[in-house]
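*Asks:* Could you have a look at this structure, given as structure tokens, before my questions?
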Amino acid sequence: MGRADARRGQGRGARRAGRSGGIRGLFTWRKLLGTFFGFCLLVMGAFVALYVYVDVPAANATAKKQSNVYKYSDGTLLARTGEVNREIVDLSAVPKDVQHAFVAAENKSFYQDQGVDLKGTARGVFNTLSGKGKQGGSTITQQYVKNYYLTQDPTVSRKLKELVISLKVDQKMKKNEILAGYMNTAYYGRGASGIQAAAQAYYGVDAKDLDLSQGAYLASLLQAPSQYDWAVASPTGKKLVSERWAYTLDNMVEKDWLDSSMRAAMKFTVPQEPKAAPGMEGQTGYLVEAADEELERQGVSEEARVAGGWTITLNIDKKRQQELEKAVDRQLESKLDREGNKIDATVQAGATSVDPKNGEVVALYGGVSATEHWVSNATRRDYQPASTFKPLVLASALENESRTQDGKLIGLDTVYDGTTRRPVVGSDIPFKPQNEDDRSYGDISVQRAMDRSVNSVFAQMVVDVTPSAVKRTALELGMPDKGFPAVPAITLGTMNASTWDMAGVFATLDNHGKKATPHIIKSAEHRDRAAEPVDGTGGQAISRKTADTVTRALTGVVDNGSGHEADSPAFDAAGKTGTSENNKAAWFAGYTPELSTVVALYGEAKDGGTQVTLTGTASSGRANGGGFPAKIWADYTLAALDGGSPATFDLEDVERGESGVTQAPTTPPPTTEPPEETEPPETDPPTQSPTEPPVTESPTTEPPPTQTTPPTPTDPTTEPTDPVDPVDPPGERPVRDENGLPGQ
């Protein structure tokens with residue numbers, strides 16, 4: 001038994017010894033160390049393979065998106081457009097101490113490291129695998145890579161790609177390029193991506209104007225934009241961001257980027273309250289649209305604009321723009337009942353104001369709001385400028401030294417036959433327009449005919465000059481060559497033009513005949529290019545003596561004629577009224593020595609596609625150019641000139657022409673005519689329904705001839721046997737009633 005027990009014990013001991021020796025043999029230090037190094041080699045091999053396999057990708061779409069920034073002429077913000085509120089700026093546009101603040105807050109070793117933080121990356125991978133979500137600790141280079149090349153997804157694969165790409169980016173790019181990319185791609189809250197948008201959102205300044213305290217706050221904000229936004233932060237959030245702000249500055253002292261005494265004196269700068277980014281409502285959309293159209297003409301395509309990154313400074317004077325809007329509200333909108341009056345609901349106002357010395361568009365009114373009425377009434381060209389064209393007929397007569405049918409040189413004192421419906425002499429195309437209220441004036445000077453907008457006089461004058469010569473002069477002055485037939489009826493402004501076009505034409509007259517081309521962009525700059533601005537000044541479109549003579553004539557319109565509502569003792573003014581056929585448009589085009597402004601009203605059906613009469617606007621009868629448009633013009637001009645101006649028109653060589661009657665009237669002229677000083681300016685008739693023939697007021701001293709059979713209206717471009725063309729009156733009354741009778 002004893003030997004048996006001993007053998008069994010020895011067997012058990014041997015087995016135990018064998019087992020113990022086997023485990024020790026399997027997990028020896030040598031084997032463990034070899035396994036570890038083998039694993040490291042495997043990881044290193046995998047990393048090398050990953051490094052070779054992963055290339056630096058193209059930038060993600062979001063990182064490259066920018067907004068376009070539109071500014072008033074004084075540099076204040078007008079609007080931003082684009083999906084992403086970002087304006088990429090060069091690092092040189094960011095103060096050096098603000099750059100250091102970002103490095104101190106996020107990555108003190110940035111200028112020395114290789115672009116990665118292995119410990120931080122490992123911690124991030126571990127937390128991702130363990131379900132703890134995103135984890136900080138990345139370098140500035142890694143954050144830039146994440147923002148610019150990758151996504152924000154907290155995945156292991158993204159973290160590994162971030163590590164590899166960061167190493168490659170650090171080798172290929174300079175540190176300043178990486179820092180600029182980081183600051184331009186980071187999200188700061190309040191919808192702001194990039195340092196420039198953040199500077200505007202939190203402090204209302206450009207990045208170049210940030211001080212160190214402000215920059216330190218923006219750098220601190222990046223850790224938790226929503227939590228650290230001072231306007232909405234909880235007490236805890238404010239405490240944390242204040243501590244991080246202090247931490248940032250202390251790190252700057254440590255790195256010798258900030259003097260300790262200056263650090264001790266610094267105080268936290270509280271950011272401003274959030275403001276909604278300016279939208280396209282009101283006049284903003286019209287201004288942006290006009291700027292975009294001009295950029296297109298300057299070679300900046302829609303694709304380039306959509307890509308963003310443009311800073312566009314307009315010539316729009318913020319104060320004058322506001323004053324124009326107020327003038328329309330005071331003189332028109334406050335008098336309209338758009339909800340209860342069908343006529344009022346169709347009224348559209350448009351205006352353009354230009355500096356005649358350089359063509360800069362300083363104010364523009366496009367309509368009630370760009371989000372309510374999509375077509376800009378300032379730039380649309382689907383209405384006729386009517387009798388605002390008559391000064392161009394006179395300009396062409398003077399420029400070409402034209403003569404009347406009996407050989408008299410045309411000037412302001414030249415006498416014409418002002419009989420209504422008098423057929424023109426010397427034209428292959430029959431033309432006999434009707435004067436306002438069918439009134440005959442008999443012998444009348446060109447000056448008085450301009451004051452009263454006598455159609456028969458300018459109908460004959462355009463024939464004397466020739467329609468083709470008048471058209472040529474008009475184009476040289478800036479009229480668009482669209483819908484512009486060279487026929488006698490052009491004297492009544494039967495072509496198409498916008499307030500923008502006409503403001504440029506009258507600015508050229510104001511500028512002594514030197515071409516003034518309206519343009520709205522002061523500068524348009526992109527990091528990669530700049531658009532060539534429009535040169536608003538040109539050579540002589542017409543001679544100075546011609547332009548000054550026309551200006552002299554138009555001062556009479558304001559002083560003694562149809563534009564008397566624009567007269568003011570506070571400034572010198574010249575201008576012309578106009579009303580198109582059937583009172584569908586009413587205009588006042590006027591200027592002072594310092595400002596050329598054109599205001600127009602349009603009748604537009606609510607469907608936006610049909611032109612309708614303005615008669616009955618604000619329950620006040622005919623909406624003529626000497627009414628609402630002239631009043632808006634005067635109200636705006638007074639405010640735009642800061643209450644007035646001592647400047648006067650400097651006119652030269654305006655005494656020109658010879659008097660004389662061109663031909664005998666075909667109908668007997670009235671036997672008497674009221675003296676000029678007692679002849680009433682154009683007045684509005686009683687309110688009428690737009691569906692009824694307008695009732696006209698005739699001067700009590702001079703009844704008009706009776707018309708028993710109204711002529712049939714015809715197309716002015718044809719050669720009818722008995723044409724009656726649309727008439728544009730001095731007092732802007734409906735040009736044609738429902739029976740086809742022109743009125744003024």
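The values are calculated or read from the model by the stated rules, or taken from the named source; none is laboratory data. Model, not experiment: these values are computed from the prediction. Reconstructed Cβ throughout: ideal geometry from the backbone, glycine too, with neighbour counts over all protein chains shown.
*Asks:* Taking the stretch 205-263 only, how many residues are among the basic types (Lys, Arg) and touching a residue at least 60 places away in the same chain (Cβ under 8 Å)?
*Replies:* Residues in the stretch 205-263 being among the basic types (Lys, Arg) and touching a residue at least 60 places away in the same chain (Cβ under 8 Å): 3 in total.
*Asks:* Hey, Ala246 hits all of (1) crowded, with 23+ Cβ neighbours inside 10 Å; (2) modelled with pLDDT of 95 or more but one; which does it fall short on?
*Replies:* The number of the failed condition is (1).
*Asks:* Which of the residues belonging to the stretch 128-149 are modelled with pLDDT under 75 and not β-branched (Val, Ile, Thr)?
*Replies:* Answer for the stretch 128-149, where residues must be modelled with pLDDT under 75 and not β-branched (Val, Ile, Thr): Leu129, Ser130, Gly131, Lys132, Gly133, Lys134, Gln135, Gly136, Gly137.
*Asks:* What number goes with the only condition from (1) touching a strand residue (DSSP E or B) at 6+ places or on another chain (Cβ under 9 Å); (2) of a type in the set (Gly, Ala, Ser); (3) free of Cβ contacts under 8 Å to residues at least 12 places away in the same chain that Gly609 does not pass?
*Replies:* Tallying (1) touching a strand residue (DSSP E or B) at 6+ places or on another chain (Cβ under 9 Å); (2) of a type in the set (Gly, Ala, Ser); (3) free of Cβ contacts under 8 Å to residues at least 12 places away in the same chain, Gly609 fails exactly one: (1).
*Asks:* In the stretch 95-127, how many are modelled with pLDDT under 55 and buried (at least 22 other Cβ atoms within 10 Å of the Cβ)?
*Replies:* 1
*Asks:* Looking only at the stretch 426-441, filter to residues that are surrounded by fewer than 18 Cβ atoms within 10 Å (Cβ to Cβ) and out of contact with any helix residue (DSSP H, G or I) (no Cβ under 7 Å at 6 or more places or on another chain); which one of those is farthest from Ser468 (Cα to Cα)?
*Replies:* Pro430
*Asks:* Given (1) of a type in the set (Val, Ile, Thr); (2) out of contact with any Gly (no Cβ under 6 Å at 6 or more places or on another chain); (3) more than 15 Å from Met450 (Cβ to Cβ); (4) surrounded by 24 or more Cβ atoms within 10 Å (Cβ to Cβ), where does Thr579 come up short, assuming only one miss?
*Replies:* Against the list (1) of a type in the set (Val, Ile, Thr); (2) out of contact with any Gly (no Cβ under 6 Å at 6 or more places or on another chain); (3) more than 15 Å from Met450 (Cβ to Cβ); (4) surrounded by 24 or more Cβ atoms within 10 Å (Cβ to Cβ), Thr579 comes up short only on (2).
*Asks:* I need a count of the residues in the stretch 371-381 that are surrounded by fewer than 24 Cβ atoms within 10 Å (Cβ to Cβ), at pLDDT 95 or above and either in contact with a strand residue (DSSP E or B) (Cβ under 9 Å, 6 or more places away or on another chain) or over 27 Å from Ala489 (Cα atoms) (or both).
*Replies:* The initial filter retains those residues of the stretch 371-381 that are surrounded by fewer than 24 Cβ atoms within 10 Å (Cβ to Cβ), namely 371-375, 379-381.
Subsequent filtering for residues that are at pLDDT 95 or above retains 379-381.
Checking the rest, the ones that are also either in contact with a strand residue (DSSP E or B) (Cβ under 9 Å, 6 or more places away or on another chain) or over 27 Å from Ala489 (Cα atoms) (or both) come to 379-380.
Residues that pass the stated criteria total 2.
*Asks:* Please pick out the residue among Glu401, Glu360, Glu436 that is within 17 Å of the chain's Cα centre (by Cα) and acidic (Asp, Glu).
*Replies:* Glu360
*Asks:* Among the numbered conditions (1) touching a residue at least 12 places away in the same chain (Cβ under 8 Å); (2) under 36 Å from the mean Cα position of the chain (by Cα); (3) not in a loop (DSSP other than H, G, I, E, B), tell me where Ile444 comes up short.
*Replies:* Checking Ile444 against (1) touching a residue at least 12 places away in the same chain (Cβ under 8 Å); (2) under 36 Å from the mean Cα position of the chain (by Cα); (3) not in a loop (DSSP other than H, G, I, E, B), the one that fails is (2).
*Asks:* Let me ask something additional. Hey, among Arg421, Arg380, which residue is outside any strand (DSSP E or B), among the charged types (D, E, K, R) and closer than 27 Å to Ala574 by Cβ?
*Replies:* Arg380
*Asks:* Which of the numbered conditions does Thr62 fail, given that it passes all the others? Conditions: (1) surrounded by 22 or more Cβ atoms within 10 Å (Cβ to Cβ); (2) assigned to a helix (DSSP H, G or I).
*Replies:* Of (1) surrounded by 22 or more Cβ atoms within 10 Å (Cβ to Cβ); (2) assigned to a helix (DSSP H, G or I), only one is false for Thr62: (1).
*Asks:* For Lys239, only one of the following conditions fails: (1) of a type in the set (D, E, K, R); (2) more than 28 Å from the chain's Cα centre (by Cα); (3) closer than 25 Å to Gln66 by Cβ. What is its number?
*Replies:* Lys239 satisfies all of (1) of a type in the set (D, E, K, R); (2) more than 28 Å from the chain's Cα centre (by Cα); (3) closer than 25 Å to Gln66 by Cβ except (3).
*Asks:* Continuing with the same structure: Of all residues in the stretch 476-523, how many are more than 27 Å from Pro593 (Cβ to Cβ) and not polar (S, T, N, Q)?
*Replies:* Number satisfying all stated conditions: 12.
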